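The values are calculated or read from the model by the stated rules, or taken from the named source; none is laboratory data. Computed from a predicted structure; not experimentally measured. With ideal geometry, Cβ positions are generated from the backbone for all residues, glycine too; neighbour counts draw on all protein chains shown.
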Amino acid sequence: MSDGMSITDADAHGLPLRMINVLRRTAKFPPDMAHAMNRASRGERGVFIHGPVGTGKTVALVAVAVRVRQRAAEMTAEWSAAVDAAEPRARLPKRPRTPRLRYFSDREFIAAAREAMHDGRSQRFAEGLTHPDVVLCLDDVGSGTGDPYTDFEVGLINDIVDRAYESTQALAMTSNLDLAGIARILGDRCSSRLVEACEVINLKGADRRVKGATT
């Protein structure tokens, strides 16, 4: 019997294929981490996963992203079944507000933010990321291109964390940086609110990719 996730092409659309293939083979996570990931995918509480390179942060984030899409499909299917089963003159159930996934690597986030700023769409871009129905997954925050964040990008990430802190948005985020590192690039307030908004998971150990190549 496989321990992997059942992932359709629709579930996987736009997500890193290599991580999808890993999850299809095996999707075992420590119980406390799995619980935090499930809560994030349901929009109940955010999760911030940090640790060294190669410890499994991105594959965990992709698992959260997949579950967000699967949950949205399940909610829609349940609503459709309830509508089909309703009596002819019965009041139909209201269509549920399903979660919408937005997934960015740090490099993708920086590129999209700068393109939006260049095109005069910065407000629309920010509103799209901070909408209450959006579950936002940010991978490798602070480690994308090596360029420092612009003031707009720092402000946007702080706004995203604020929304999660106020429980109006679900956030799943990974970084090679710990909370002190996040404070250095995004400010003490952002780091403090991240602790309040998210379950913090610290992954430890050697780089699995390097270890696998040398054994």
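Data table
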quantity: Residue satisfying condition, being among the hydrophobic types (A, V, I, L, M, F, W, C), modelled with pLDDT of 90 or more, assigned to a helix (DSSP H, G or I) and loosely packed, with under 14 Cβ neighbours inside 10 Å, within set Ala116, Ala180; calculated: Ala180
quantity: Meets criteria (over 19 Å from the mean Cα position of the chain (by Cα), farther than 22 Å from Ala60 by Cβ and of a type in the set (D, E, K, R)) for Asp133; calculated: no
quantity: Selection count where residues are small (Gly, Ala, Ser) and under 14 Å from Met173 (Cβ atoms), scope segment 86-111; calculated: 1
quantity: Filter result (among the polar types (S, T, N, Q) and closer than 16 Å to Val62 by Cβ) within segment 97-130; calculated: Ser105
quantity: Among the residues listed as Thr150, Thr215, the single one being at pLDDT below 90 and either within 16 Å of Ile110 (Cβ to Cβ) or exposed (fewer than 15 other Cβ atoms within 10 Å of the Cβ) (or both); calculated: Thr215
quantity: Condition check for Asp139: surrounded by 14 or more Cβ atoms within 10 Å (Cβ to Cβ), touching a helix residue (DSSP H, G or I) at 6+ places or on another chain (Cβ under 8 Å) and either touching a residue at least 24 places away in the same chain (Cβ under 8 Å) or under 23 Å from Ala60 (Cα atoms) (or both); calculated: yes
quantity: Condition check for Gly155: assigned to a loop (DSSP other than H, G, I, E, B) and over 23 Å from Arg39 (Cα atoms); calculated: no
quantity: From the options Arg102, Arg71, residue that is closer than 18 Å to Ala34 by Cβ and of a type in the set (D, E, K, R); calculated: Arg71
quantity: Val53 vs. criteria under 18 Å from Leu171 (Cβ atoms) and β-branched (Val, Ile, Thr); calculated: no
quantity: Qualifying positions in segment 183-201 - buried (at least 17 other Cβ atoms within 10 Å of the Cβ), among the β-branched types (Val, Ile, Thr) and either at pLDDT 95 or above or assigned to a strand (DSSP E or B) (or both); calculated: Ile201
quantity: Single residue of segment 27-44 satisfying the filter (in contact (Cβ under 8 Å) with a residue 24 or more places away in the chain and outside any helix (DSSP H, G or I)) that is surrounded by the fewest Cβ atoms within 10 Å (Cβ to Cβ); calculated: Lys28
quantity: Every residue from segment 45-91 that is more than 25 Å from Arg25 (Cβ to Cβ) and either of a type in the set (D, E, K, R) or in a loop (DSSP other than H, G, I, E, B) (or both); calculated: Arg45, Glu78, Asp84, Ala86, Glu87, Pro88, Arg89, Ala90, Arg91
quantity: Where Ser6 falls short, out of the listed (1) loosely packed, with under 15 Cβ neighbours inside 10 Å; (2) free of Cβ contacts under 8 Å to residues at least 40 places away in the same chain; (3) part of a helix (DSSP H, G or I); calculated: (3)
quantity: Thr174 vs. criteria β-branched (Val, Ile, Thr), over 17 Å from Arg189 (Cβ atoms) and surrounded by fewer than 16 Cβ atoms within 10 Å (Cβ to Cβ); calculated: no
quantity: Any hit, segment 11-18, residues being surrounded by 14 or more Cβ atoms within 10 Å (Cβ to Cβ) and closer than 22 Å to Asn176 by Cα; calculated: yes
